[in-house]
Each structure stands twice: as structure tokens, then as C-alpha cells.
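Here's the structure we're looking at; comments come further down.
All of the numbers you see were taken from the coordinates with simple rules; none came from a lab. Source: prediction; values computed, not measured. Methodologically, a virtual Cβ is constructed for each residue, glycine included, from the backbone with ideal geometry; neighbour enumeration extends over all protein chains shown.
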Amino acid sequence: MLFSVPISLAFAIFISEIAPEWVKKIVRSMLELLVGIPSVIYGYLGLTILIPFLRDVTEALMGDGLLAASLVLTLMVLPTITRISDDAISTVPEYLKEGSYALGATRFQTIFRIILPAAKTGILTASILEKFFCGYIFKNK
């Protein structure tokens, strides 16, 4: 969660506030596809691709460990947290954004002082949902 929440939040901000419409459509549809991939597939890809890569990079005999597990788990929960956070950011009322811009705020100030506090509950819901989901996966293995 330490890796996945900041990355997915930055990606959600980019999708909902910065990216042009054609990029939003493509990325949102790709995220919807990635959300539907079972965790077994992510584990298999981590086992067959990531662990040999980590063995080559670190020159260790074994590449499986905490780093490999955290990277696979980060990739697994990233689409879900990003998609839910994107929905939460997109539901912020337009008049809050327009009011911020009317007062002379920049895009950066509007995102971090208006949009993120207004979408805080949805973002926390996405993070907590994935935290419990990941705990459920590791408890039942």
C-alpha cells in the first residue's frame, strides 16, 4: 500500500484533471480491463517475469522475497485504487473548481487545495477497500 496508493493517486489525478479526453477514454478502458484480471494471473506473471528479472538485476540466487511480493501486489491493486480514486475526483462539483480558478488559483493549487480535499472520502475508501482485499488474499493463501 505504501507504493500503490501514491502512484495510483497521481495517476488518477492525471486521468481526471490533466489528460485530454481521448487519453481519458483509452486509459479508463484499459484500467477497466486490468481490474478484471484475477490475482492468480498477476502472481504467475510475477513468478515467470519479475523474479527472473530481479535475479538478473540483483545477482542473487533467489529473486523471490519481499521486494518481488510488494511489486506484484502494487501492480495488482494499482488499477482498482486508480479507478475508484478517478471516480471520486471526477465527482467533485464543477463550481468548486471554477470558483478556485476565479479566485486566481493555478491548476496545481486547485488540485491540491480544492479537488483532493473534496474527494478525500472516495480516495480513502479506495485505499481501505484494497487494504482489506489484500489482507483477505494473504490470509487465505
Q.
So for each of 35-48, 115-128 I average, over its residues, the number of other beta carbons within 10 Å; can you give me the resulting order with the highest mean first?
A. 115-128, 35-48
Q.
Per residue of segment 115-128, what does 6.51 cos²θ - 1.76 cosθ + 1.60 with θ = phi - 60° give for ³J(HN,Hα)? Whole Hz please, x for Gly and Pro, Karplus curve as stated.
A. 6, 5, x, 6, 9, 4, 5, x, 5, 5, 4, 4, 5, 5
Q.
In segment 4-139, if the dipole is taken from +1 on Lys/Arg beta carbons and -1 on Asp/Glu beta carbons about the Cα centre, which of Pro93, Leu73, Ile26 is farthest to the positive end?
A. Pro93
Q. Taking the chain, how many lysine pairs are there with alpha carbons less than 26 Å apart, if each pair must be eight or more places apart or span two chains?
A. 8
Q: Return the label of the correct value of P(r) over Cα pairs in 5 Å bins from 0, in percent, as calculated from the structure shown, out of (1) 2, 11, 19, 25, 24, 14, 5, 1, 0; (2) 2, 9, 19, 22, 18, 13, 9, 5, 3, 1, 0; (3) 2, 9, 17, 18, 16, 13, 10, 7, 4, 3, 1, 0.
A: (3)
Q. Summing -39500 (n - 2.57) over the DSSP H runs of n ≥ 4 in the chain and dividing by its residue number, what mean residue ellipticity at 222 nm do you reach, to the nearest 500 deg cm²/dmol?
A. -21500 deg cm²/dmol
Q.
Sort 70-82, 95-107 by packing, meaning the average of other beta carbons within 10 Å per residue, with the highest value first.
A. 70-82, 95-107
(Q) With unit charges on the beta carbons (Lys and Arg positive, Asp and Glu negative) and the dipole taken about the Cα centre of the chain, which residue among Ser39, Ile114, Phe3 sits farthest to the positive side? (A) Ile114
**Q.** Given charges at beta-carbon only (K, R positive; D, E negative), |dipole| of the chain in Debye
**A.** 240
